[in-house]
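Comments concern the structure below.
The values are calculated or read from the model by the stated rules, or taken from the named source; none is laboratory data. Owing to the predicted nature of the structure, the values given are computational and were not obtained by experimental measurement. Backbone-built Cβ (ideal geometry, glycine too); neighbour counts: all protein chains shown.
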Amino acid sequence: METQITVRRLVVVLSALSAVLGAGTIAFELELHEGWLRAFYRAVATTSLAGLDTAPSGTAAIVTTMILFLAGVAIFGYVASVIVEVIARDVLTGVLVERRRRRAIEALHDHFIICGYGRVGRRVAEEFRRSGIPYVVLDFSEYALAAAEKENELLVRGNGTEDQDLARAGLARARGLVAATDDDADNLYISLSARAARPDLLIVARRSDEEAMKKLKLAGADRVVMPFAIAGRVMASLVAKPQVAAFLDIESGGADPDFLFEQIEVSSTCQAAGRTIGELRVHDETGAAIIAVQKCGGQLETRPSKDLVLEPGDVLVGVGTAEEIRALEDMFESRESVGG
């Protein structure tokens with residue numbers, strides 16, 4: 001839009017300049033009879049504020065010179081204002097905003113990189129914002145860039161399939177990456193590039209068909225998601241099991257905005273390490289519930305019993321209100337962080 005306005009202004013200036021030069025040439029020729037070339041020369045020299053070696057003879061020619069001189073001042077003044085405005089807008093807003101954005105990205109640690117800001121990528125960003133998770137958007141399409149700019153996202157213009165673009169998004173410091181482009185091949189290359197650079201990175205990739213899952217897994221994706229399949233299961237649940245769907249509110253992500261899920265890692269220095277869920281009396285002490293435990297060895301306990309021992313390196317999934325989740329996090333807080 002701003003580019004279109006600038007082009008229109010340029011057209012107006014060129015049209016006005018052409019009209020002034022044409023009128024001045026005709027006027028000088030009719031008044032001085034020096035020939036069209038010299039008349040055009042006088043018009044150009046006067047309008048451009050360069051001046052002439054000799055003043056024209058005759059009152060009419062002098063008046064024409066003065067009018068052209070004033071018209072030239074007005075035109076070049078307008079041109080100068082447009083130039084200043086363009087420079088100010090591009091430098092003071094564009095360049096400075098880009099510099100602040102780059103510095104903010106460089107300061108990020110343990111963030112996520114969202115490759116692709118389409119429908120899926122925007123939804124992922126929305127969930128990250130809601131949860132307070134830092135992230136960077138990486139995309140190159142004009143539509144996606146405009147949408148990201150509108151949301152004031154930390155944005156890197158580039159392609160996730162390029163190593164240098166991933167590096168600019170802070171891949172070396174990132175906690176995870178979401179390959180959410182509409183192209184399975186791009187998501188494959190993104191996963192492959194990210195895994196090669198960061199073997200320890202958490203990678204979640206989008207796929208559009210069944211055949212892509214195995215390839216994405218081989219490329220290094222830890223989790224592969226098929227949004228259309230998920231949407232189909234949700235719609236089927238809404239029809240076949242409306243009571244369950246209403247309770248979980250699977251379409252909107254939770255009927256109660258204070259009903260949260262959180263994952264907490266058991267550290268070797270927390271007081272809860274080495275004790276069972278029953279001994280800790282988790283629900284009585286915090287109000288939250290532990291619904292799953294990922295054991296350090298890799299086994300996932302989806303219905304952990306009260307006799308399950310929570311060992312260092314285990315990751316538990318808790319559910320509760322925001323206040324209950326904070327109490328659960330306090331229970332498993334490292335003694336070093338408390339003392340430090």
(message) Against the condition of a type in the set (V, I, T), at pLDDT below 65 and out of contact with any Pro (no Cβ under 7 Å at 6 or more places or on another chain), how does V234 come out, does it pass?
(response) yes
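Evaluate the stretch 256-273: report whether one residue or more is hydrophobic (A, V, I, L, M, F, W, C), in a strand (DSSP E or B), within 30 Å of D330 (Cα to Cα) and modelled with pLDDT under 85. Steps first, answer last, please.
Keep residues of the stretch 256-273 that are hydrophobic (A, V, I, L, M, F, W, C), which gives 259-261, 264, 266, 270, 272-273.
Right, trim to in a strand (DSSP E or B) and you get 260-261, 264, 270.
If we keep only those that are within 30 Å of D330 (Cα to Cα) too, we end up with 260-261, 264, 270.
Then keep just the ones that are modelled with pLDDT under 85; that gives 260-261.
Yes, the stretch 256-273 has at least one match.
Can you work out which of the residues in the stretch 54-90 that are outside any helix (DSSP H, G or I), touching a helix residue (DSSP H, G or I) at 6+ places or on another chain (Cβ under 9 Å) and not aliphatic (A, V, I, L, M) is modelled with the lowest pLDDT? Give the derivation first.
Within the stretch 54-90, the subset outside any helix (DSSP H, G or I) is 54-58.
Those still in the list that are touching a helix residue (DSSP H, G or I) at 6+ places or on another chain (Cβ under 9 Å) too: 55-58.
Checking which are not aliphatic (A, V, I, L, M) leaves us with 56-58.
Numbers: P56: 66, S57: 70, G58: 71.
Result: P56.
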- Task: Examine the stretch 196-206 for a residue that is in contact with a Pro (Cβ under 9 Å, 6 or more places away or on another chain) and within 30 Å of I325 (Cα to Cα), and state whether such a residue exists.
- Result: yes
